2 protein chains.
Amino acid sequence: MNALPERIAQQRALAATLGDGWLEGPSCEPYATDAALIGGVALGVARPASTADTSALARVAVAHRVALVAQGARTGLVGAAVPDRSGTQCVVSFDRMRAIRAFDPANRSITVEAGVRLSDLNRVAAEAGLCLPIDLGSDPAAGGLVGANAGGSRLIKYGDVRRNVLGVEVVLADAAGTVIDALAPLRKRNAGFDVTQCFIGANGANGLVTAVSFALAPLERSSCAAFVAFASYDAALAGLLAFERAFGEMLSAFEFMSAAAVDCVAAAFPAVRVPFAAGDAACYALVEIATGMPGLDALLEERALATLDALANERVVLDAACAPAERFWRIRDALPAAVAQGGVPLSFDVSFPRGALAAFITDAEQWIAAAHPSLSCHAFGHFGDGGCHLVVSIPHAIAQRYGPLQQVALRGALYDRVVRAGGCFSAEHGVGPVNVAYYRKLVPAESRQLAAAVQHAIDPLGLIGRVRY
Amino acid sequence: MNALPERIAQQRALAATLGDGWLEGPSCEPYATDAALIGGVALGVARPASTADTSALARVAVAHRVALVAQGARTGLVGAAVPDRSGTQCVVSFDRMRAIRAFDPANRSITVEAGVRLSDLNRVAAEAGLCLPIDLGSDPAAGGLVGANAGGSRLIKYGDVRRNVLGVEVVLADAAGTVIDALAPLRKRNAGFDVTQCFIGANGANGLVTAVSFALAPLERSSCAAFVAFASYDAALAGLLAFERAFGEMLSAFEFMSAAAVDCVAAAFPAVRVPFAAGDAACYALVEIATGMPGLDALLEERALATLDALANERVVLDAACAPAERFWRIRDALPAAVAQGGVPLSFDVSFPRGALAAFITDAEQWIAAAHPSLSCHAFGHFGDGGCHLVVSIPHAIAQRYGPLQQVALRGALYDRVVRAGGCFSAEHGVGPVNVAYYRKLVPAESRQLAAAVQHAIDPLGLIGRVRY
């Protein structure tokens, strides 16, 4: 931690150079995510209003060796946008950079500043029948979407953020506050190494993303949805493959949830009606089919029913209901809160090759039942893309037996099982202070050293972001 | 250039360490692309049979400071896989690394070694109703696909190679011949900075790609196609937007070709039947609609006809024909050869925001007509993704007036117009010895310096590939 006089000198230098009110005083706000673990204290909060402001800030920060932590809508889940507790890091809030720089319906693209929220962007895009098809439970800003390389529930059809970014504008932490302008909204651009990629999924490291160009997709014009009960996860996989054979790229979501997790929803939120009794189901899936081609609703539903009928005849499907998708998404969206009730939730965000998901979930459930019989374990998430959210719930009555050390041990043991099953310990949430220790433990040294070399090349002073690779 | 004794010493070192026949002697083969400009002389051709072989080769190369140039199927168009003329660079051919390491239909993924051809990969994938939907005029190997970040004619629906890569395995040029294993076929993987991206679209620089994991898409099961005449490029854009409104993500290609280019096809290849007389058309488009959902052929054609009918009533479309797509692709595929007949072709591979394409083509045609009235200019390519292949044809009779210097001047002047119109000078072909001078001239210094810093971090000795950023 810097000594107090040095900190005051840094603050004065920032304030004197930047002036004009867009640098605020020291901050000790509660942060949205997991504040107990990662709440930090900022040297100050800089609120640039433009790329030029951000470049000026970078120059001062470099001159005075002030670390910068970019902050968008503070919806991240790993603390990558939260300063540490030292009081030496300056938060860079992009809440004043909210301009839509260009909206080009003919090109199906939009260029926005880092602070523009996903919902705002999509409101503009919708006026021309377009959208950025990243479907999340939160409403991040554009800079955060890029930093986290967000995924979401429709990834099976639309891909992650990286697959929808056409370009970025970035400010580097060098003496000149260099601005990288790689914003051109071009779908084909192979004019040398694509520097854009150095900032997507970098968890706020490497540079300050000030603007982003996204490709937009046509809004969905026809859709249908089903809620389907399966006797096993293997059956769910067979169901997924059958729906892909029947609908190809139109399958837009295949979200799974364990029967126990759905029971939690029924218990916690009686108003969210689960369409049928669980019976012998091991899990359910929310199946959604959607296309930008209008007028296909009836045909899609007819095909979905035929597909379900065939699967029921093969005993792959136990039961199913078709209805407007919103109704089933209410169940899916209620899951995280429902499984967290009555206990302290330990959440895991992991991914697998789709064929390995079933075995992992069974393994995890059995291991928890054997090694931690007092805890419950709920699995749900994105079967279609291999993503799995696992929530281990510690009943309040025994919470004192699971202090931080015990939680870390449990988490580590479960991650080891993830890696043994060919999975990834952070599917969509990225890496930040909350989980960087697992990054160091679970990602091969060769990859980490390469990431570190690239980071050092781009940000040699190590001033940007919370993660040192 | 190395002195001869040093070269012989390097060859002996390589041969002694690698032994066992997989290093061949000096090579001076003609290369497929633009041999007159870029044909090179190799110190030798190493043909590793495994990742371990490649790592051993990298170690020897580092010890003896031998530059390595990776070679796949030699289908590249910018010379990035061709050694220079110094006789000091060792070609690394991946033609022995052709194993399909894993094919996982349940995960819709395939992991192949660098030497596996796109067609071979797709033959295997097709057995499970899947494909890697990169649609090219050539048949590159997996390593080349990654190095070039290939695009192709169906990019509008499926994206480029980057959007279909799940992971790579790479050998670095360091003392240990480090192997980066980032091959896991995971769709959601945000476990820290994604090192994979450092090698996609790097034009063979940074490291030796030894294996790739691709996501596979369901094969197309329903489709229809139309060949459409437009009075102007602006009308073609209106047509593109109308088809996107009618079919959303099912629009799989919207290839345009100038009326003059189609006339060349009719003249050069009478067997390739153009469906109707040009009349007042400024350009044509091959419109293809395709989906993985079976049984929609009739519905798609009915909708396509309705869309065309409405466009014809608005005078956007002059004439149109529907037929199986193969027939129209024959016209499209004949274009490059047809426009090259009767002259020396100067080819450009450029891209734009889609709304800027029409103005650029008009500008380029008018400029050629005014500044180079003896030359003809043909535009065709990928209206749907903004990609444009422009071929300026120099009649043989006046070819002596357009020597290398005049060609370079013409090329430079046209690229300046591309950049002024917001375009990119290399859309899909990437950067190699053939066009690296334009990279240095046309890409902003900030981006080039960043690319150079990253390259230096990954390959500090500068031993891999032909492009120094």
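Extension gain B:ARG401-B:ALA452, at 0.36 nm per residue separation less the Cα-Cα distance, in nm? Could you put the intermediate results ahead of the total?
Numbers: separation 51, 0.36 × 51 = 18.36 nm, distance 3.77 nm.
My answer for the length gained is 14.6 nm.
Below 8 Å, C-alpha to C-alpha, sequence gap of six or more: please give me the relative contact order for chain A in percent.
Reported as a whole number, the value is 16 percent.
I'd like the distance between the alpha-carbon centres of region B:364-420 and region A:161-177, rounded to an integer number of Å.
Using only Cα atoms to place each centre, the spacing works out to 33 Å.
Sequence neighbours fewer than 8 away in the same chain don't count; with that in mind, list the lysines whose C-alpha is under 25 Å from A:LYS441.
Output for A:LYS441: B:LYS188.
Any chance you could run the full-extension gain for A:ASP309 through A:ASP363? It's 0.36 nm times the residue separation minus the Cα-Cα distance, nm to one decimal.
Details: separation 54, 0.36 × 54 = 19.44 nm, distance 3.04 nm.
Computed gain between A:ASP309 and A:ASP363 is 16.4 nm.
What residues of region A:83-121 lie in the reach of a label at A:ASP333, counting those whose backbone N is under 17 Å from a point 7 Å from the Cα along Cα→Cβ?
Counting backbone N atoms under 17 Å from the label point, the list is A:118-120.
If you line up the Cα atoms of region B:53-141 on their principal axes, what length do they span on each, largest first, in Å?
Ordered largest first, region B:53-141 gives principal extents of 47, 29, 16 Å.
What is the gain in length, in nm to one decimal, between A:ARG96 and A:LEU461 on full extension, counting 0.36 nm per residue of separation less the C-alpha to C-alpha distance?
128.7 nm
Mind checking the dipole of the protein assembly as shown: about its Cα centre, +1 per Lys or Arg Cβ, -1 per Asp or Glu Cβ, Debye to the nearest 20?
2020 debye
For B:LEU318, what residues show an amide H to amide H distance below 5 Å, using hydrogens built from the backbone and excluding near sequence neighbours?
It is B:ALA229, B:PHE230, B:ALA231, by chain and number.
Two decimals is fine: what's Rg over Rh for chain A, C-alpha atoms, Kirkwood radius as Rh?
Working: Rg = 23.4 Å, Rh = 23.6 Å.
Expressed as Rg/Rh, it is 0.99.
For a quick check: sort B:THR210, B:THR178 by the number of other beta carbons within 10 angstrom, fewest at the front. It would help to have the intermediate numbers written out before the result.
Numbers: B:THR210 29, B:THR178 19.
Starting with the residue having the fewest Cβ neighbours, the order is B:THR178, B:THR210.
Convex hull over the Cα atoms of the protein assembly as shown, averaged projected area in nm²?
Over every viewing direction, the Cα hull of the protein assembly as shown projects on average to 39.9 nm².
Take every Cα pair under 8 Å in region B:342-428 that's 6+ residues apart, average their separations, divide by the length, and report that relative contact order as a whole percent.
Value for region B:342-428: 45 percent.
Run through the other copies and list how far each one's label point is from that of A:ARG327, in nm with one decimal, shortest first; the point sits 7 Å from Cα along Cα-Cβ.
4.6
Three principal axis extents, largest first, for the C-alpha atoms of region A:297-361, in Å?
If we take the Cα atoms of region A:297-361, the spans are 43, 28, 19 Å.
Taking neighbour Cβ counts within 10 Å as the exposure measure, how do A:LEU357, A:LEU318 sort from fewest upward?
The most exposed by this proxy come first: A:LEU318, A:LEU357.
Name the residues whose placed amide hydrogens come within less than 5 Å of the amide hydrogen of A:VAL168, ignoring near sequence neighbours (fewer than 5 apart) on the same chain.
A:ALA182, A:LEU183, A:SER213
What Kirkwood hydrodynamic radius do you get for region B:157-243 when you take the inverse of the mean 1/r over all pairs of distinct Cα atoms, in Å? Walk me through the intermediate numbers first.
Details: mean 1/r = 0.0611 Å⁻¹.
Computed over region B:157-243, the radius equals 16.4 Å.
Mind giving me the nanometre distance, one decimal, between the label points for B:ALA321 and B:ALA298, set 7 Å out from Cα along Cα→Cβ?
Label at B:ALA321, label at B:ALA298, 2.5 nm between them.
Given the options B:TYR438, A:LEU450, B:THR307, identify the residue whose Cα lies farthest towards the positive end of the charge dipole of the protein assembly as shown (+1 on Cβ of Lys, Arg; -1 on Cβ of Asp, Glu).
The residue sitting farthest along the positive end of the dipole is A:LEU450.
Working from the alpha-carbon coordinates of region B:341-469, get Rg over Rh, Rh being the Kirkwood radius.
On the way: Rg = 16.4 Å, Rh = 16.0 Å.
For region B:341-469, the value is 1.02.
So if I take the centroid of the Cα atoms in region A:441-469 and the same for region B:286-347, what is the distance between those two points in Å?
Centre-to-centre distance over Cα atoms comes out at 48 Å.
Going by how many other Cβ atoms sit within 10 Å of their own, how do A:ARG417, B:ARG47, A:ARG7 line up, fewest first?
A:ARG417, A:ARG7, B:ARG47
What are the label-to-label distances in nm, one decimal and shortest first, from B:GLN449 to the same spot in the other copies, with labels 7 Å along Cα to Cβ?
In ascending order, 2.9 nm.
For region B:222-336, what is the Kirkwood hydrodynamic radius in Å, using each pair of distinct C-alpha atoms?
Computed over Cα pairs of region B:222-336, the Kirkwood hydrodynamic radius comes out at 14.0 Å.
Taking the radius of gyration and the Kirkwood hydrodynamic radius from Cα positions alone, what is the Rg/Rh ratio for region A:100-161, to two decimal places?
0.94
What shape does region A:93-209 have by the C-alpha gyration tensor, where a ≥ b ≥ c are the square roots of the eigenvalues, rounded means a/c under 1.5, and otherwise prolate means a/b greater than b/c and oblate the rest?
Rounded is the answer for region A:93-209, as its axis ratio a/c remains below 1.5.
Every read-out reported here was derived from the displayed coordinates using simple, explicitly stated rules and does not represent laboratory data. If you're wondering where the values come from, they're calculated on a predicted model, not measured in any experiment. Cβ sites come from the backbone with ideal geometry, for glycine too, and all protein chains shown count toward neighbours.
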